[in-house]
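The values are calculated or read from the model by the stated rules, or taken from the named source; none is laboratory data. Here the structure is a predicted model, which means the values were calculated and not measured. Cβ atoms come from the backbone with ideal geometry, glycine included; neighbour counts cover every protein chain shown. In case anyone asks, the SASA skips ligands and DNA or RNA and just uses the protein heavy atoms, side chains included. Shrake-Rupley method; radii C 1.70, N 1.55, O 1.52, S 1.80 Å.
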Amino acid sequence: ADLALYDAKAKMPGTITEFTPSLRVAAEDRAAMLGRARAALNDGRVVPFYQPKIDLHSGKIMGWEALLRIIGEDGEIQPPSHIAAAFSDPEITVKLTDRMLSRVFCDLATWRATGVEVGRLAVNVSAGDFRQHTLAERILAHAREHGQTLAEIDIELTEGVLIGQLGPEVSRKLEELRSMGAMVALDDFGTG
């Protein structure tokens with residue numbers, strides 16, 4: 001009954017849902033994803049993989065996008081879909097973002113110390129990050145921890161986050177980040 005109730009609430013207010021075994025399977029899949037995300041965070045297995053951003057006119061690398069990847073317990077690299085449910089969990093999604101920010105700023109500091117110029121680094125943030133109301137402060141704290149600024153950072157979010165329920169709060173936080181030197185970009189534009 002609880003599974004049917006939560007499924008109905010997730011679909012639309014006033015919806016009636018009858019229990020089916022697929023609801024139990026979906027709940028078990030979600031619980032497994034959340035467990036994998038927690039374990040990966042606890043074990044330090046959440047890492048950025050860097051995808052180059054290329055200027056199509058010159059062919060030069062203009063920067064990089066930090067893509068979240070999980071190193072499985074078996075050492076295999078897993079995509080974020082392996083823990084997809086974690087991105088809708090308000091507690092875990094913030095921890096994932098914080099882990100990525102820490103790693104990205106650490107990598108940026110390391111590269112700069114060796115004289116490598118990387119261009120702009122893009123990092124994705126989720127709706128859960130904006131619900132905390134501390135996103136700008138958290139990003140700045142990670143930058144300062146590694147002796148960096150936000151001048152070479154792009155904050156990427158999907159259009160669904162920007163135009164969703166949190167729209168006004170998201171806009172305020174993005175303006176705050178821009179005033180600190182970060183750039184803002186829409187990711188997966190047109191899919192929302």
Within region 154-176, work out how many residues are closer than 23 Å to Gln51 by Cα and touching a strand residue (DSSP E or B) at 6+ places or on another chain (Cβ under 6 Å).
5
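Can you tell me how many residues in region 118-138 are open to solvent by 10 Å² or more (accessible area, probe 1.4 Å), outside any strand (DSSP E or B) and of a type outside the set (A, V, I, L, M, F, W, C)?
Keep residues of region 118-138 that are open to solvent by 10 Å² or more (accessible area, probe 1.4 Å), which gives 118-120, 124-127, 131-134, 137-138.
Now drop any that are not outside any strand (DSSP E or B), which leaves 118-119, 125-127, 131-134, 137-138.
Now restrict to residues that are of a type outside the set (A, V, I, L, M, F, W, C): 119, 126, 131-134, 137-138.
Residues meeting the conditions: 8.
Checking the condition part of a loop (DSSP other than H, G, I, E, B) and small (Gly, Ala, Ser), which residue from Gly147, Gly160 passes?
Working: Gly160 fails: part of a loop (DSSP other than H, G, I, E, B).
Exactly one of Gly147, Gly160 is part of a loop (DSSP other than H, G, I, E, B) and small (Gly, Ala, Ser), namely Gly147.
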Sort out which residues of region 101-124 are free of Cβ contacts under 8 Å to residues at least 40 places away in the same chain and touching a Lys or Arg at 6+ places or on another chain (Cβ under 9 Å), and write them in order of number.
none
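Quick grid of which residues meet (1) over 27 Å from Thr149 (Cα atoms); (2) surrounded by fewer than 12 Cβ atoms within 10 Å (Cβ to Cβ); (3) touching a residue at least 60 places away in the same chain (Cβ under 8 Å); (4) among the polar types (S, T, N, Q):
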{"site": "Thr20", "(1), (2), (3), (4)": "yes, no, no, yes"}
{"site": "Arg30", "(1), (2), (3), (4)": "yes, no, no, no"}
{"site": "Arg38", "(1), (2), (3), (4)": "yes, no, no, no"}
{"site": "Arg45", "(1), (2), (3), (4)": "no, no, no, no"}
{"site": "Glu65", "(1), (2), (3), (4)": "no, no, yes, no"}
{"site": "Gly75", "(1), (2), (3), (4)": "yes, yes, no, no"}
{"site": "Ile83", "(1), (2), (3), (4)": "yes, no, no, no"}
{"site": "Arg99", "(1), (2), (3), (4)": "no, no, no, no"}
Would you pick out the residues in region 125-134 that are over 21 Å from Trp64 (Cα atoms) and touching a residue at least 24 places away in the same chain (Cβ under 8 Å)?
Ala127, Gly128, Asp129, Phe130, Arg131, Gln132, His133
Given (1) within 27 Å of His133 (Cβ to Cβ); (2) at pLDDT 85 or above; (3) touching a helix residue (DSSP H, G or I) at 6+ places or on another chain (Cβ under 6 Å), identify the lone condition not met by Arg36.
(1)
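Which of the residues belonging to region 47-59 are under 13 Å from Ile71 (Cα atoms) and open to solvent by 40 Å² or more (accessible area, probe 1.4 Å)?
Here is the first cut: in region 47-59, the residues under 13 Å from Ile71 (Cα atoms) are 47-49.
Residue satisfying the conditions is Phe49 alone.
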Within region 170-183, track down each residue that is loosely packed, with under 15 Cβ neighbours inside 10 Å and not in a loop (DSSP other than H, G, I, E, B).
Ser171, Arg172, Glu175, Arg178, Ser179
Quick one: which helices (runs of 4 or more DSSP H) sit completely within region 1-117 and have at least 2 residues that are touching a His at 6+ places or on another chain (Cβ under 8 Å) and not acidic (Asp, Glu)?
21-42, 90-113
